[in-house]
Amino acid sequence: MIYICIPALDEAPTVGILLWKTRQVMAEFGRDYEILVLDDGSTDDTAEVVRPYTRVLPLTVLRNERTEGYAAALERLVREAVARSTHPKRDLMIVMQADFTEAPEDIPALVKRMEGGADVVGGTTTEVGSAASRALRWSRRGLPWLLSRAAFPREIRDPFAGFRAYRVSVLKRALGDREGAPLLTRQGWAANAELLLAVAPHARRAEAAEVGVRYDRRDRVSRFRPWSTLTEVWDLSRRAPRRTAPPDTGS
């Protein structure tokens, strides 16, 4: 089973398009899947837009009565996928954003690498379109440097990308490590990096897949905040476990 998990906050203009396109892609791809949408206390028509899709898609809509933030939404989706999974070693979780900046057409590329034996596949983003702000572009290039020594899988070059696939078994083990404590405590891009750090000790194999990102398809003001993102990433960099140096093979 593939659990396609979508956190949503005030995404009425795009979430329906995303769901419909996902339905088309998955019908052609021919894999069993469920979609989990977490409505994080939206105050627009997100709930009304999503509701009709429950009749034509394998879709479950979860809701927070008040907005709890991206990290809490992502964690709830992780826990829901783990709770639903009957075959954690085979089942997959894919995270997508509801603003339609990530293309459902890229889902098969992630899944095929997982079916080839990877435990986590990270999307390496290639920007398409010109709607990304200068601050966002600079942050994408510069912020990974702050985490260059963190214990991420070497194959995944973009620790901040949200479009990523995980084997459910590694998520289950990561939750077990916390013994009931929250898995994610940082917001925005830093939450994506924090989740990758949590599963890294349990992922025997990681891979990257090139995916597109289309900021010009987002129909709302960007929520990216350079200063708060820098603060979150800096704090994560100070606390993150360090990558082990390769053994010295010299004589």
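What the table shows:
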read-out: Segment 108-122 residues that are without any contact (Cβ under 8 Å) to a residue 60 or more places away in the chain, paired with ones that are of a type outside the set (D, E, K, R) (beta carbon under 8 Å, 6 or more apart); value: MET114/LEU92; MET114/VAL121; MET114/ALA165
read-out: Residue tally, condition aliphatic (A, V, I, L, M) and either surrounded by fewer than 17 Cβ atoms within 10 Å (Cβ to Cβ) or farther than 24 Å from HIS87 by Cα (or both), over segment 26-61; value: 5
read-out: Residues that are among the basic types (Lys, Arg), touching a residue at least 24 places away in the same chain (Cβ under 8 Å) and in a helix (DSSP H, G or I), drawn from segment 166-204; value: LYS172, ARG173
read-out: Exclusive hit being of a type in the set (A, V, I, L, M) and modelled with pLDDT under 95, set ALA118, ALA151; value: ALA151
read-out: Counted residues, segment 102-119 - those being under 16 Å from VAL25 (Cα atoms) and in a loop (DSSP other than H, G, I, E, B); value: 1
read-out: Boolean, ILE6 is under 20 Å from LEU175 (Cα atoms), surrounded by 21 or more Cβ atoms within 10 Å (Cβ to Cβ) and not polar (S, T, N, Q); value: yes
read-out: Matching residues in segment 189-202 - criterion: being out of contact with any Leu (no Cβ under 9 Å at 6 or more places or on another chain) and under 17 Å from ILE94 (Cα atoms); value: LEU196, ALA200
read-out: All strands (runs of 3 or more DSSP E) inside segment 1-73 with 1 or more residues being in contact with a Lys or Arg (Cβ under 6 Å, 6 or more places away or on another chain); value: 2-8, 33-40
read-out: Residue that is surrounded by the fewest Cβ atoms within 10 Å (Cβ to Cβ) [pool: residues in segment 62-75 that are without any contact (Cβ under 8 Å) to a residue 40 or more places away in the chain and farther than 18 Å from MET1 by Cβ]; value: ARG66
read-out: Answer residue from segment 82-103, given it is in contact (Cβ under 8 Å) with a residue 40 or more places away in the chain and small (Gly, Ala, Ser) and is nearest to ILE6 (Cα to Cα) among those; value: ALA98
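The values are calculated or read from the model by the stated rules, or taken from the named source; none is laboratory data. Note that the coordinates shown come from a computational prediction; the quantities given were computed from them, not determined experimentally. Neighbour counts run over all protein chains shown; Cβ positions are idealised from the backbone, glycine included.
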